[in-house]
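Asks: Just dropping this structure here.
The values are calculated or read from the model by the stated rules, or taken from the named source; none is laboratory data. Quick caveat: nothing in here was measured; it's all calculated off a predicted structure. Note that each Cβ is placed from the backbone with ideal geometry, even for glycine, and that neighbours are counted across all protein chains shown.
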Amino acid sequence: MIVELGHFALVLAFLVCVVQMIVPAWGARIGDHRLMGIGEPAALLQFGLLILAFAALTHAYVVSDFSVTNVYQNSHSTKPLIYRISGVWGNHEGSMLLWVLILALFGAAVAAFGSNLPTTLRANVLSVQASIALAFLLFILLTSNPFDRLDPVPAEGRGLNPILQDPALAFHPPFLYAGYVGFSMAYSFAIAGLIEGRTDAAWARWVRPWTLAAWMFLTVGISMGSWWAYYELGWGGWWFWDPVENASFMPWLAGTALLHSAVVMEKREALKVWTILLAILTFSLSLMGAFLVRSGVLSSVHAFAVDPKRGVFILAIMMFFIGGGLMLYAWRAPSLRQGGIFAPLSREGGLVLNNVLITTATGTVLVGTLYPLALESINGAKISVGAPYFNATFVPLMVPLLLALPFGPLLGWKRGDVVAAMQRLMIAGLVSIASIAVVFAIMWRGPWLAPFAIALGVWVIGGAISELLFRAKAGQADRAEVLRRLRNLPRSVYGTAIAHAGVGVMVIGITATSAWQSETILTMRPGQTAHMAGYDITFTGVAPREGPNYREVIGLMQVSRGETRVTELAPSKRQYNAPAQATSEAGIHVALAGDLYVVLGDEAGDGAWSVRLYFNPLVRLIWLGTIIMFIGGAFSLSDRRLRVGAPRRSRRRIPTPVPAE
Amino acid sequence: MLLWVGFALLTAVVVGVLLRPLLAGASSADPGAQSLASNDPTAVASAAVYRDQLAEIEAERARGLIAEAEAEAARVEIARRLLAASEGAKVRTSAPARTDVRMVGLVLASALPLLAVVVYLAIGTPGQQGQPFAARAPDGTGPGVEQLVAQVEARLRAQPEDGRGWDVIAPVYLRMGRYNEAADAFGRALRLVGESPERLAGLAEAHVLANDGMVTEIARTSYERLRALAPERMEPRFWLAVAAEQDGRSEEAAKAYAQLLTEGSAAAPWRPTVAERWRAVRRKLGLPTEPVPDGMAEAKPTSIAPALAREDVRAIQQLPEDERKRVIEEMVNGLDRRLAENGQDLDGWQRLIRAYTVLGRRDDALAALERARSALAAETTALEALTTLARTLGLSS
């Protein structure tokens, strides 16, 4: 009964979506407020109905109702509750339901909080948002219905792919989807703006926070995926430039660019046309990510819907929204009024540079991801575009970006004073140069480029701190005044500084791990001791162990540093029974300086085992950096939320740069 | 019934909420119209944004974050935009059309529930109750196989060292097509209970089936073990030959298949399969694929009486030509009589048909084939074997 109620709610949501797509847009066209007014209740209803459907499916999972095909295929009565819940989106049908639920959530947010939006804009936005939801609801109802039933009812479910039974991966999809789908807001606003032929203050004020929220979720989602790959795949790496990773990374990059150009648009009403294009492109990349992962074009853990019919359907959705959006853009964008003008060396100019570099970087990732697929479909040749390509194309684009990054926030709007900005960054620059010397002194053997990359990270962090200090007039006013100013600084300023510092932290982590990772593969007999980064690792033997749905062999490793015992690691090789899969669980010792990472290999005969040892220096900084970026985003967002309708940095909109007093 | 009440309530709520703006707005006045002379909502909203920004600047000035001069400049900028926004708005202002909203409301209120029911009935399953795992009685209306399996599974989870349980469930898994689980269960049973031909055969078979016919390392070692343990069994020899073929050792595989064909019973159901594999391997090796080994054996008269002991065969062969022919004729006729009394003997029929062919009595062979077919009409495997035999002997038209 609950299942069928959920199913009926899904059908109703589909119909409400049709209404929401047609009636408000029609009303906006003929200027009838009552018709436009249907948009809000429709959006709220759609969200409510999808909540109901999603709750019904979740309930079926929680009580293990195997009369639902989807539950039978992806759950098991003995799974822990948390994985029964995460199993709802751990499969194709359920994850599509989550996808439309988040779409509806964003639509409902426009309806609930958009009272200060122009009525026609709001109606058009809701209409476009509904058209996206409609496409996916149709997809669900026609090809991937999670409410299909089974009769007779099987006694037990088939269980969830053991790789997905992991905390990081359980909550990776909702974050990722919130990010992907969040960009649909920017898309809907862009299309609505193009339909109306104008964008105004309210347009930009709405697009930026929503893009920011989506960007934050995506940051966390990608970071979780990378963390999972690090500890689960057992290669000691944290990013593989795998097409599935790239599929989520491209919208993130484009979203980052969008975020920055939306700032320009909000503050200065400049870059309108470009921002709209970016909004369309960002969501297009999200759709492409969904298509690549879902259609079975790529094979991966995520590709649980290897079904040509579904792939073609998603391809059609993607073509419609990308092609339609770009065509509308080509047709309508010339009629948009251009906004404020600015000098090349200004805050706007800095953000344009940011956009150019980031979109170019997105392009290189896009080429690296799609080229092998295109080549394979044309002549069947399988080539692999791996880290060397991306290191040669992506990284060189990031260097000027990071070099220029600290200047941006210190330049004035419209016309900036680069010399003044340089003066303010003097200390950060000196610290960063000093860090080169320090790193060289410690790591004198290492790759000679690495200290410079570390310095780049230090430079970005220093720049972020300098900005805060400059705004607080440190060194000019007395201490009490500086503290007062620091307290009073708008939270969006803190948000910028924190997020940028997060980038710096991440750069340091990436550099240290890539440059100074040590790796040894050796065959160890019980009692043998290996040495790695100051640790002594003694292999004491292996032991079998039975898990609930797997058997494993664990290798026991005593880790000590000189005389002091540090810890005991137990890397293992697991063999799951249903579905039969072998996984390796790394033993990881986390320390300030870096991770000791031990992987058990194969048995080498007479008690000896091959063992892989890694030391990943400062690797935690990578994920710490993303968390800091998330916090920065949250700061910026909270500023927006508490003071609705009040852009904070209006004082920087002044036409002449303020000299440092 | 309760379900449909739920559907009706849900639909009613949806239609009610959806139609409210239509019903309420009989005399819809633009809420923003009072505040600004223009009727254009866009201008109203923009004005609101700009007003907020002005207030914000005032607040920042009050907190001492910006200087008076900066605040003034910002105010000028915002005023400029406000002006630009209202100019743009004037161009667009138009009288809103009055649509017949009652019509729209009526269409929505009738079409929505109707379509919902139609779509739902097309894809939904209203008759089926939910069946939460906990609520399902294990002793309901006679447990099915799956139910029993689930019970055994539950017990085995509690006591994973119960070898008998694994032994019981393993062949069930195999029959259900859950090959990986079957392999796992056979493996555990072997470890916990001990080695037996059945378990070894099951483990190997599960591995082969789970890997789409690939004889894996585990399957190969199991079959080798099984061959040592039960030399009379045919399947380890066959699968080891397949393994040899898959490893690229074609000649070895061909030899093993040929041996199986010559040594195995002529009526064995696996014969066509093995013959097919033998031909495939020979083809790969570039060797002639005809005649199939059992055909080679037929050239010798011994093959007409495989039931005879070897000594008897040798004795018959040592008889003079006429004598030998007479003895054989006698044996064949005896066989014919026996089969006429009791036709349920595929082996016998095959021997008889072969014998008639070898003796050159083609008409009798064809008649025997017909009789065999009618006698064994109920057994499809037997009929298949007869057809194969007829083909190899050139009896099929």
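Asks: Of the residues A:Ala13, A:Ala43, which single one is facing chain B (nearest Cβ under 10 Å), in contact (Cβ under 8 Å) with a residue 60 or more places away in the chain, surrounded by 23 or more Cβ atoms within 10 Å (Cβ to Cβ) and in contact with a helix residue (DSSP H, G or I) (Cβ under 7 Å, 6 or more places away or on another chain)?
Replies: Unique residue meeting the criteria: A:Ala13.
Asks: Additional query: Counting just the residues of the stretch A:49-90 that are among the aliphatic types (A, V, I, L, M), over 19 Å from A:Ile140 (Cβ atoms) and out of contact with any Pro (no Cβ under 7 Å at 6 or more places or on another chain), which one comes out surrounded by the fewest Cβ atoms within 10 Å (Cβ to Cβ)?
Replies: Out of the qualifying residues, it is A:Leu81.
Asks: Quick one: B:Gln344 ticks every box in (1) more than 20 Å from B:Arg271 (Cβ to Cβ); (2) of a type in the set (S, T, N, Q); (3) not in a helix (DSSP H, G or I) bar one, so which box is it?
Replies: Unmet condition: (1).
Asks: Within the stretch A:91-208, considering only helices (runs of 4 or more DSSP H) that don't extend past its boundaries, which have at least 3 residues that are surrounded by fewer than 24 Cβ atoms within 10 Å (Cβ to Cβ) and within 14 Å of chain B (Cβ to nearest Cβ)?
Replies: So the answer is A:92-113, A:119-143.
Asks: Does A:Ile82 meet the test of being among the hydrophobic types (A, V, I, L, M, F, W, C), over 29 Å from B:Gln151 (Cα atoms) and either out of contact with any Phe, Trp or Tyr (no Cβ under 7 Å at 6 or more places or on another chain) or not assigned by TED's automatic domain parsing to the domain that holds A:Ser144 (or both)? Walk me through it before giving the result.
Replies: Details: among the hydrophobic types (A, V, I, L, M, F, W, C): yes; over 29 Å from B:Gln151 (Cα atoms): no; either out of contact with any Phe, Trp or Tyr (no Cβ under 7 Å at 6 or more places or on another chain) or not assigned by TED's automatic domain parsing to the domain that holds A:Ser144 (or both): yes.
The answer is no for A:Ile82.
Asks: Among the residues of the stretch B:216-223, is there at least one that is hydroxyl-bearing (Ser, Thr, Tyr), buried (at least 20 other Cβ atoms within 10 Å of the Cβ) and touching a Leu at 6+ places or on another chain (Cβ under 6 Å)?
Replies: yes
Asks: Quick one: would you say A:Gly221 is within 13 Å of the chain's Cα centre (by Cα) and in contact (Cβ under 8 Å) with a residue 40 or more places away in the chain? Break it down stepwise before answering.
Replies: Working: within 13 Å of the chain's Cα centre (by Cα): yes; in contact (Cβ under 8 Å) with a residue 40 or more places away in the chain: yes.
It is true that A:Gly221 is within 13 Å of the chain's Cα centre (by Cα) and in contact (Cβ under 8 Å) with a residue 40 or more places away in the chain.
Asks: Now for a separate question. Quick check on A:Ser226: is it assigned to a helix (DSSP H, G or I), within 14 Å of the chain's Cα centre (by Cα) and surrounded by fewer than 24 Cβ atoms within 10 Å (Cβ to Cβ)?
Replies: yes
Asks: Suppose we filter A:Val599, A:Val559, A:Val553 for residues that are among the β-branched types (Val, Ile, Thr) and within 30 Å of B:Leu174 (Cβ to Cβ); which single one remains?
Replies: A:Val553
Asks: Something else now. Looking at (1) closer than 21 Å to A:His500 by Cα; (2) without any contact (Cβ under 8 Å) to a residue 12 or more places away in the chain; (3) in the same structural domain as A:Ala247 (by TED's automatic domain parsing), find the lone condition where A:Ala374 falls short.
Replies: Of (1) closer than 21 Å to A:His500 by Cα; (2) without any contact (Cβ under 8 Å) to a residue 12 or more places away in the chain; (3) in the same structural domain as A:Ala247 (by TED's automatic domain parsing), only one is false for A:Ala374: (1).
Asks: Of all residues in the stretch B:260-272, which are assigned to a helix (DSSP H, G or I) and either surrounded by 15 or more Cβ atoms within 10 Å (Cβ to Cβ) or touching a residue at least 24 places away in the same chain (Cβ under 8 Å) (or both)?
Replies: Listed by number, the residues that qualify are B:Leu260, B:Leu261, B:Thr262, B:Arg271, B:Pro272.
Asks: Just the residues that are in a helix (DSSP H, G or I) and of a type in the set (Gly, Ala, Ser), please, taken from the stretch A:3-37.
Replies: A:Gly6, A:Ala9, A:Ala13, A:Ala25, A:Gly27, A:Ala28
Asks: Within the set of pairs 6 or more residues apart or between chains, which connect a residue that is without any contact (Cβ under 8 Å) to a residue 12 or more places away in the chain inside the stretch B:230-257 to a residue that is buried (at least 19 other Cβ atoms within 10 Å of the Cβ) with Cβ atoms less than 7 Å apart?
Replies: B:Glu252/B:Ala244
Asks: Looking only at the stretch A:334-352, count every residue that is buried (at least 19 other Cβ atoms within 10 Å of the Cβ) and either β-branched (Val, Ile, Thr) or in a helix (DSSP H, G or I) (or both) and tell me the total.
Replies: 6
Asks: What about B:Arg220, is it out of contact with any Lys or Arg (no Cβ under 9 Å at 6 or more places or on another chain) and under 21 Å from A:Gln581 (Cα atoms)? Give the steps one after another, and end with the answer.
Replies: Values: out of contact with any Lys or Arg (no Cβ under 9 Å at 6 or more places or on another chain): yes; under 21 Å from A:Gln581 (Cα atoms): yes.
So B:Arg220 fits the description; yes.
Asks: Quick check on this structure: which one of B:Arg157, B:Arg225, B:Arg188 is in the same structural domain as B:Thr273 (by TED's automatic domain parsing), over 25 Å from B:Ala254 (Cα atoms) and in a helix (DSSP H, G or I)? Walk me through how you get there before you give the answer.
Replies: On the way: B:Arg157 fails: in the same structural domain as B:Thr273 (by TED's automatic domain parsing); B:Arg225 fails: over 25 Å from B:Ala254 (Cα atoms).
Selected residue: B:Arg188, the only one of B:Arg157, B:Arg225, B:Arg188 that is in the same structural domain as B:Thr273 (by TED's automatic domain parsing), over 25 Å from B:Ala254 (Cα atoms) and in a helix (DSSP H, G or I).
Asks: Looking at the stretch A:24-40, which of its residues are touching a Leu at 6+ places or on another chain (Cβ under 6 Å) and within 7 Å of chain B (Cβ to nearest Cβ)?
Replies: Within the stretch A:24-40, A:Arg34 is the sole residue that qualifies.
Asks: Can I ask one more? Determine, yes or no, whether A:Ala214 is assigned to a helix (DSSP H, G or I), farther than 25 Å from A:Thr364 by Cβ and either modelled with pLDDT of 90 or more or touching a Pro at 6+ places or on another chain (Cβ under 7 Å) (or both).
Replies: So A:Ala214 fails the test.
Asks: Within the stretch B:160-217, take every residue that is more than 16 Å from A:Gln581 (Cα to Cα) and of a type in the set (Phe, Trp, Tyr) and give me the one that is nearest to the other protein chains (Cβ to nearest Cβ).
Replies: Filtering the stretch B:160-217 for residues that are more than 16 Å from A:Gln581 (Cα to Cα) and of a type in the set (Phe, Trp, Tyr), the one nearest to the other protein chains (Cβ to nearest Cβ) comes out as B:Tyr173.
Rundown of residues vs (1) of a type in the set (A, V, I, L, M); (2) in the same structural domain as A:Leu405 (by TED's automatic domain parsing), yes/no style:
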residue: A:Thr496; (1), (2): no, yes
residue: A:Met506; (1), (2): yes, yes
residue: A:Phe539; (1), (2): no, no
residue: A:Glu546; (1), (2): no, no
residue: A:Arg551; (1), (2): no, no
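Asks: While we're here: Quick test for you: out of B:Gly142, B:Gly165, B:Gly177, pick the one residue that is on the phi > 0 side of the Ramachandran plot and at pLDDT 75 or above.
Replies: Just a single option satisfies the conditions, and that option is B:Gly177.
Asks: Under 8 Å by Cβ, and 6 or more places apart or on different chains, what pairs join a residue from the stretch B:66-85 that is within 7 Å of another protein chain (Cβ to nearest Cβ) and under 25 Å from A:Arg484 (Cβ atoms) with one that is assigned to a loop (DSSP other than H, G, I, E, B) and at pLDDT below 70?
Replies: Correct list of pairs: B:Glu70/A:Ile654; B:Glu70/A:Val658; B:Ala73/A:Ile654; B:Ala73/A:Pro655; B:Ala73/A:Thr656; B:Ala74/A:Ile654; B:Ala74/B:Ile66.
Asks: Pick out the one residue from A:Ile383, A:Ile322 that is touching a Leu at 6+ places or on another chain (Cβ under 7 Å) and not in a helix (DSSP H, G or I).
Replies: Going through A:Ile383, A:Ile322 in turn, just one is touching a Leu at 6+ places or on another chain (Cβ under 7 Å) and not in a helix (DSSP H, G or I): A:Ile383.
Every residue, every condition in (1) of a type in the set (Val, Ile, Thr); (2) farther than 30 Å from A:Phe8 by Cα; (3) modelled with pLDDT of 75 or more, yes or no:
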| position | (1), (2), (3) |
| --- | --- |
| B:Leu2 | no, no, yes |
| B:Val15 | yes, no, yes |
| B:Ala26 | no, yes, no |
| B:Ala67 | no, yes, no |
| B:Ala74 | no, yes, no |
| B:Glu87 | no, yes, no |
| B:Arg92 | no, yes, no |
| B:Thr99 | yes, yes, no |
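Asks: Within the stretch A:57-68, count every residue that is among the aliphatic types (A, V, I, L, M), facing another protein chain (nearest Cβ under 10 Å) and touching a Phe, Trp or Tyr at 6+ places or on another chain (Cβ under 8 Å).
Replies: Residues in the stretch A:57-68 being among the aliphatic types (A, V, I, L, M), facing another protein chain (nearest Cβ under 10 Å) and touching a Phe, Trp or Tyr at 6+ places or on another chain (Cβ under 8 Å): 2 in total.
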